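Novice: Encoded as structure tokens, here's the structure I'll be asking about.
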Amino acid sequence: MALLQISEPGMSAEPHQARIAVGIDLGTTNSLVATVRHSLPECLRVDESAFLLPSVVRYFPDGTKVVGAAAVAAQAADSRNTIASVKRMMGRGMQDMEPALHERYDLIDADGMVRINTVAGRVTPVEVSAEILKILRLRAEQSLAGELVGAVITVPAYFDDAQRQATKDAARLAGLNVLRLLNEPTAAAIAYGLDHAAEGVYAVYDLGGGTFDFSILRLSRGVFEVMATSGDSALGGDDFDQILADWLTQQTHSGKQNRDIARGVLIEARRVKEALTQETAVIANVPLENGDICYVNIDAERFQLLTRQLVERTLSPMKKALRDVDLKVSDIEAVVLVGGATRMPHVRRAVAAFFGREPFTDIDPDKVVAIGAAIQANILAGNRRVGEDWLLLDVTPLSLGLETMGGLVEKIIPRNSTIPVAKAQEFTTFKDGQTAMAIHAVQGERELVQDCRSLARFELRGIPPLVAGAARIRVTFQVDADGLLSVSARELSTGVEANVIVKPSYGLADEEITAMLRAGFDNANNDIRIRALREQQVEAKRLIEAVEMAMVEDGDLLVAEEKQVIEENIRELLRTCDGQTHLAIKAAIDDLSHATAKFAERRMNEAIRKALTGSRIDDLPV
Amino acid sequence: MQVIDYFSLFGMPERFELDMPQLEQAYRNVQAQVHPDRFVSKTEVERRVAMQWATHANEAYRTLRNPLSRARYLLSRRGIEIDAERNTAMSSIFLTEQMRWREAVEDAAGNAGELERLSDSLREEEREMFAKVQRALDVERDDAQAAETLRRMMFVEKLRVDINDARAVLES
């Protein structure tokens with residue numbers, strides 16, 4: 001990793017040497033991987049015939065898994081061990097699970113996130129998602145004949161912190177370097193915007209398998225600016241299937257079904273729903289407990305009536321987003337439809353009626369998100385071509401608040417703030433000698449803590465003991481460009497950095513993820529070990545070269561002791577490079593990075609200052 | 001990261017009346033240089049510093065774009081902090097007026113047309129106040145006068161929120 005090459009941010013040093021990066025749409029129903037080859041974005045096949053990888057994972061007693069079409073085929077026969085729609089469980093606890101999920105799987109309540117009991121043991125939703133991502137990574141590496149530098153992974157814009165973190169963890173487990181988490185409607189806008197060279201205010205209506213997102217974006221002169229986003233992270237095509245399945249069951253008067261039959265009915269409901277996008281009436285073949293099939297006739301009108309309230313549920317987030325940005329329907333230039341569920345004719349009609357115009361559907365609604373993610377990944381990986389210059393400014397979907405007296409929420413970062421965003425808040429101690437305090441952060445728009453989503457409890461320790469009210473603790477809440485929150489704290493009168501211990505309300509602990517990663521590595525074959533060692537050796541060499549060059553160029557930004565420490569760390573790193581464990585090298589790399597951190601920070605600040613002054617002079621109107 | 005004041009960051013003159021398209025362009029230019037997307041494959045330190053700059057730029061733009069927060073920021077740069085909680089200096093005429101407004105908004109609940117009308121006349125009021133603040137800050141350099149008007153504007157802002165809330169209730 002080149003240290004401090006910032007003269008031309010985002011430009012690759014050698015423009016002809018494209019670095020392979022992919023965009024991944026990790027969907028509730030299907031997942032896709034796409035890339036940019038020869039300047040054109042394209043989805044990659046996951047097998048001979050298909051671009052879509054069904055997001056279904058089947059577990060076997062010996063711990064092996066199959067993912068995709070083969071798992072789909074086994075859904076009704078082995079429903080308990082065949083996990084579909086796992087995205088609905090990401091970053092979610094037991095109490096969040098809908099009744100249908102309880103019926104389908106053997107769910108277990110556990111710290112931070114629900115677990116699924118399978119024949120191969122308990123698995124977390126993060127691990128299930130990682131299996132899907134692993135297949136996509138392998139397919140991409142095969143068809144691109146090279147190693148990936150990283151991936152942009154899309155998430156519903158309305159995903160909260162825990163759901164985003166869970167997605168990032170899954171990617172780590174799958175061996176992917178996450179360049180960025182990108183909001184799905186934003187990805188779609190990138191695909192459309194760059195395709196149409198669009199300008200103006202756009203709306204994206206994204207109804208996927210399990211989530212609904214609505215975003216309003218402004219596109220102008222190479223800037224994609226998300227103005228507002230809203231949605232429902234528990235509403236999607238799945239719910240249409242479930243309502244139809246319930247109705248079909250009711251029609252057959254079959255009463256309580258076993259798990260496999262219920263799954264069979266659900267699969268049939270999905271087939272019927274898809275068929276009704278083309279036909280006006282369909283005959284459903286509903287499996288019964290006794291092995292018979294019951295034929296039920298259903299027409300499009302009946303289906304619409306049954307699911308009308310689901311379509312209506314998408315209207316109020318749209319109104320909310322428009323209100324947030326103070327725009328009227330007539331201010332919207334065009335509407336883009338995204339997600340397989342927008343194929344349903346009554347969904348399209350509802351959107352057209354709301355906006356008074358026909359929505360855009362010219363890019364395949366299944367592929368558009370992956371395509372947009374691939375375009376963004378290509379840019380982030382440094383494959384920016386001359387003249388290809390655009391910037392993406394996204395927002396945080398939910399307000400961030402803190403619990404105050406009486407279970408009330410004090411909002412500190414309002415929804416639709418452009419990210420990255422930070423807010424500092426001052427607290428004080430209320431007891432003499434108090435050295436610790438707790439802060440409860442929540443996400444949501446409601447006024448009571450109990451109505452918002454608990455995000456995390458932060459414990460500040462190491463506050464210098466002072467009399468009550470004398471300590472002034474400045475706590476900074478930072479939401480990064482992935483929409484993830486971090487917290488730091490400092491006591492102002494003494495300047496002491498407080499130790500922040502994060503207890504996420506939902507999500508897996510860092511140690512759990514590390515243990516999973518280690519388990520994966522322990523089972524890995526020798527090739528992977530050798531690869532890891534080589535990677536670290538290359539990384540070490542790169543770092544040393546970069547640091548040495550930086551010291552030559554900007555030695556004046558260093559004091560003597562710092563220089564000495566850095567040189568010692570370089571010698572130590574060179575020593576470990578001859579060894580045979582990648583972990584030792586990694587540790588020495590971390591030490592050297594740590595030793596150069598202040599220096600690097602100073603150089604970076606200087607460089608940015610220079611860049612800003614330079615750009616200002618160029619841009620001044622003549 | 002050493003902190004640069006919001007006006008200097010965007011190369012704008014330090015005053016209330018700003019060329020908004022120019023501000024927007026300057027903001028975009030700064031983000032084009034510092035946004036974390038430009039540093040994804042760089043070291044952790046660089047990514048962190050970029051995030052801090054981008055955060056600062058977002059905060060600066062948010063503050064300067066909105067006239068209320070822009071006036072407040074400008075005053076704080078001149079050493080005057082507007083304490084929103086303390087309103088002892090409000091004239092009784094103004095407060096009575098505010099009460100009347102508030103009652104009008106409450107009475108209009110559920111009546112879309114009336115809310116619309118109130119919103120329009122409130123907008124008129126806001127325009128006048130902004131003109132006043134602009135004169136005080138940029139022309140007369142009467143900071144005390146600007147602060148006084150600004151305090152009043154915060155009341156008006158609260159009314160605006162109430163009207164929008166009442167409209168939201170109607171639409172949902």
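The values are calculated or read from the model by the stated rules, or taken from the named source; none is laboratory data. Because the structure is a prediction, the values reported are computed rather than measured. Glycine gets a Cβ as well: all are built from the backbone with ideal geometry, and neighbour counts include every protein chain shown.
Novice: Kindly indicate whether any position in the stretch A:306-318 is in a helix (DSSP H, G or I), hydrophobic (A, V, I, L, M, F, W, C), surrounded by fewer than 20 Cβ atoms within 10 Å (Cβ to Cβ) and within 14 Å of chain B (Cβ to nearest Cβ).
Specialist: yes
Novice: Taking the stretch A:157-183 as the region of interest, how many residues are part of a loop (DSSP other than H, G, I, E, B) and under 25 Å from residue A:512 (Cα atoms)? If you could, list the steps in order and put the result at the bottom.
Specialist: The initial filter retains those residues of the stretch A:157-183 that are part of a loop (DSSP other than H, G, I, E, B), namely A:157-160, A:174-177.
When the remaining residues are screened for being under 25 Å from residue A:512 (Cα atoms), the result is A:159-160, A:174-177.
Residues meeting the conditions: 6.
Novice: Can you name the number of the only condition in (1) under 30 Å from residue A:89 (Cα atoms); (2) in a strand (DSSP E or B); (3) more than 14 Å from chain B (Cβ to nearest Cβ) that residue A:477 fails?
Specialist: (3)
Novice: Right, something else. Among the residues that make up the stretch B:87-96, is at least one of them in contact (Cβ under 8 Å) with a residue 40 or more places away in the chain, closer than 30 Å to residue B:139 by Cα and either among the hydroxyl-bearing types (Ser, Thr, Tyr) or outside any loop (DSSP other than H, G, I, E, B) (or both)? Can you show your working first?
Specialist: Here is the first cut: in the stretch B:87-96, the residues in contact (Cβ under 8 Å) with a residue 40 or more places away in the chain are B:87, B:89-90, B:94.
Going one step further and asking which of them are closer than 30 Å to residue B:139 by Cα, we end up with B:87, B:89-90, B:94.
Next, only the ones that are either among the hydroxyl-bearing types (Ser, Thr, Tyr) or outside any loop (DSSP other than H, G, I, E, B) (or both) stay: B:94.
Yes, the stretch B:87-96 contains at least one residue that is in contact (Cβ under 8 Å) with a residue 40 or more places away in the chain, closer than 30 Å to residue B:139 by Cα and either among the hydroxyl-bearing types (Ser, Thr, Tyr) or outside any loop (DSSP other than H, G, I, E, B) (or both).
Novice: Now for a separate question. Looking for whichever is of a type outside the set (S, T, N, Q), assigned to a helix (DSSP H, G or I) and within 14 Å of another protein chain (Cβ to nearest Cβ) here; the options are A:187, A:191. Which one fits? Step through it out loud before you land on a result.
Specialist: Working: A:191 fails: within 14 Å of another protein chain (Cβ to nearest Cβ).
When all the criteria are applied, what remains is A:187.
Yes or no, residue by residue, for (1) under 26 Å from residue A:399 (Cα atoms); (2) without any contact (Cβ under 8 Å) to a residue 24 or more places away in the chain; (3) of a type in the set (S, T, N, Q); (4) not in a loop (DSSP other than H, G, I, E, B):
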| position | (1), (2), (3), (4) |
| --- | --- |
| A:91 | yes, no, no, no |
| A:101 | no, yes, no, yes |
| A:116 | no, no, no, yes |
| A:138 | no, yes, no, yes |
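Novice: Counting residues that are surrounded by fewer than 22 Cβ atoms within 10 Å (Cβ to Cβ) and facing chain B (nearest Cβ under 10 Å), which strands (runs of 3 or more DSSP E) fully inside the stretch A:379-439 reach at least 1? Spell out the reasoning first.
Specialist: Numbers: elements: A:391-393, A:400-404, A:408-413, A:421-428.
Correct list: A:391-393, A:421-428.
Novice: When you scan the stretch A:490-604 for helices (runs of 4 or more DSSP H) that lie fully inside it, which ones turn up with 1 or more residues that are more than 14 Å from every other protein chain (Cβ to nearest Cβ) and within 28 Å of the chain's Cα centre (by Cα)?
Specialist: On the way: elements: A:510-522, A:526-553, A:560-577.
Per the criteria, A:510-522, A:526-553.
For every residue, the table says whether it meets (1) under 22 Å from residue A:178 (Cα atoms); (2) modelled with pLDDT under 90; (3) touching an Asp or Glu at 6+ places or on another chain (Cβ under 8 Å); (4) not hydrophobic (A, V, I, L, M, F, W, C).
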site: A:338; (1), (2), (3), (4): no, no, yes, no
site: A:363; (1), (2), (3), (4): no, yes, yes, no
site: A:395; (1), (2), (3), (4): yes, no, no, no
site: A:415; (1), (2), (3), (4): no, no, yes, yes
site: A:436; (1), (2), (3), (4): no, yes, yes, no
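Novice: Here's something else I'd like to know. Could you check the stretch B:142-172 and list, in sequence order, the residues that are assigned to a loop (DSSP other than H, G, I, E, B) and either away from chain A (no Cβ under 14 Å) or buried (at least 16 other Cβ atoms within 10 Å of the Cβ) (or both)? First the steps, then the outcome.
Specialist: Taking the stretch B:142-172 and keeping what is assigned to a loop (DSSP other than H, G, I, E, B), we get B:142, B:172.
Within the stretch B:142-172, B:142 is the sole residue that qualifies.
Novice: If you go through the stretch A:353-365 one residue at a time, do you hit one that is touching a strand residue (DSSP E or B) at 6+ places or on another chain (Cβ under 6 Å), under 18 Å from residue A:188 (Cα atoms) and without any contact (Cβ under 8 Å) to a residue 60 or more places away in the chain?
Specialist: Here is the first cut: in the stretch A:353-365, the residues touching a strand residue (DSSP E or B) at 6+ places or on another chain (Cβ under 6 Å) are A:355, A:359-361, A:365.
The next check asks that each one be under 18 Å from residue A:188 (Cα atoms); those that pass are A:359-361, A:365.
Of the ones still in play, those that are also without any contact (Cβ under 8 Å) to a residue 60 or more places away in the chain are A:361, A:365.
The answer is yes; a qualifying residue exists.
Novice: Which residues, counting only those in the stretch A:209-228, are farther than 15 Å from residue A:154 by Cα and in contact (Cβ under 8 Å) with a residue 24 or more places away in the chain? Steps first, answer last, please.
Specialist: Taking the stretch A:209-228 and keeping what is farther than 15 Å from residue A:154 by Cα, we get A:216-228.
A:216, A:217, A:219, A:222, A:223, A:224, A:225, A:226, A:227, A:228 - these are the residues of the stretch A:209-228 that are farther than 15 Å from residue A:154 by Cα and in contact (Cβ under 8 Å) with a residue 24 or more places away in the chain.
Novice: Also, I was wondering about something else. Go through the stretch B:38-50 and give me each residue that's surrounded by 23 or more Cβ atoms within 10 Å (Cβ to Cβ), in a helix (DSSP H, G or I) and at the interface with chain A (Cβ under 7 Å from one of its Cβ atoms). Break it down into steps so the answer makes sense when it comes.
Specialist: Start the filter on the stretch B:38-50 by keeping residues that are surrounded by 23 or more Cβ atoms within 10 Å (Cβ to Cβ), which leaves B:38-40, B:42, B:46, B:49-50.
Those still in the list that are in a helix (DSSP H, G or I) too: B:38-39, B:46, B:49-50.
Within the stretch B:38-50, B:38, B:39, B:46, B:49 qualify.
Novice: Among the residues of the stretch A:54-68, are any among the polar types (S, T, N, Q) and in contact with a Leu (Cβ under 8 Å, 6 or more places away or on another chain)? Give the derivation first.
Specialist: Quick first cut of the stretch A:54-68, residues among the polar types (S, T, N, Q) only: A:55, A:64.
Right, trim to in contact with a Leu (Cβ under 8 Å, 6 or more places away or on another chain) and you get A:55.
The answer is yes, given that some residue of the stretch A:54-68 is among the polar types (S, T, N, Q) and in contact with a Leu (Cβ under 8 Å, 6 or more places away or on another chain).
Novice: Would it be correct to say that residue A:230 is in contact with a Gly (Cβ under 9 Å, 6 or more places away or on another chain) and either assigned to a strand (DSSP E or B) or farther than 25 Å from residue A:129 by Cα (or both)? Write out each step before concluding.
Specialist: On the way: in contact with a Gly (Cβ under 9 Å, 6 or more places away or on another chain): no; either assigned to a strand (DSSP E or B) or farther than 25 Å from residue A:129 by Cα (or both): yes.
Taking the combined requirement at face value, the residue does not satisfy it.
Novice: If the requirement is being part of a helix (DSSP H, G or I) and more than 13 Å from chain A (Cβ to nearest Cβ), which of these qualifies: B:18, B:64? Walk me through how you get there before you give the answer.
Specialist: Details: B:18 fails: part of a helix (DSSP H, G or I).
Answer to the selection: B:64.
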